[in-house]
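What follows is calculated from the coordinates using simple rules that are stated; it is not laboratory data. Predicted model, so just to flag it, every value in this text is computed and none were measured.
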Amino acid sequence: MHQRRIVLLFLFLFLATAPSRGAETSPGAIIEQNAAKAVAAIQKRSQHSSLDVGAIRTIFIETMEPLFDYREMTLRTLGRYARKYGKDRKGIEELTGVFREFLRQLFRTTLLPKTEFEHLKEVRVTDELIKGRYARVKTQSIVETSGETSVLDVNYMLVRHGKTWQIYDMEIDGYGIVGSYRSQFASVLKNHGLKDLIQRLREKTAEMKREETSKKKTS
């Protein structure tokens, strides 16, 4: 259930598609405008039966890279330990890279069935709060299943770099990527340290890769 909710967050991350790199655009407008394009693309591909799992994996992984500010995400996931380890540039760079690969592999391994994608109909921005370089965009995602319509509240947290806005966290009903791993990071850092955390993430990523390979062989 934990992994499925993380992947669901990735799904809504995809609906934000790509950050603005031209004239500065508000973070809410970026998400709203590009979400409409993404939903339309998903619906079009599903109508032509071309929305297979392999295609979804490729689209998502390629789209996610420019969206995430992995360094900001990593530092925030460190929580109170960010001050202790933040000056260790090499260590933070290594942790950021390992955490990125872990999340990417998590997405590949626990990808939701394509029906989860086909049922998404619309994303509406309901509120936008900007404080300096940081922003919180509140949205409602409309999902239709078996004739019933449900609404999911999804919040995007963004940071601005020049004219570019990037996402460093997302929440569904208060459940976010940063919050879900902060306590796990803290437990390892308290008892073992940064190197051990990096090693554990590597081992977990390798384990998921083996599971993915095994599934391919048996399918």
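Some values worked out for this structure:
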| quantity | calculated |
| --- | --- |
| Integer Hz, Karplus 6.51/-1.76/1.60 couplings in order for the stretch 197-211, x for Gly and Pro | 4, 4, 5, 5, 5, 4, 5, 5, 5, 4, 5, 5, 5, 5, 5 |
| Distant-in-sequence amide H partners of residue 69 (H built 1.01 Å from N, under 5 Å) | 167, 168 |
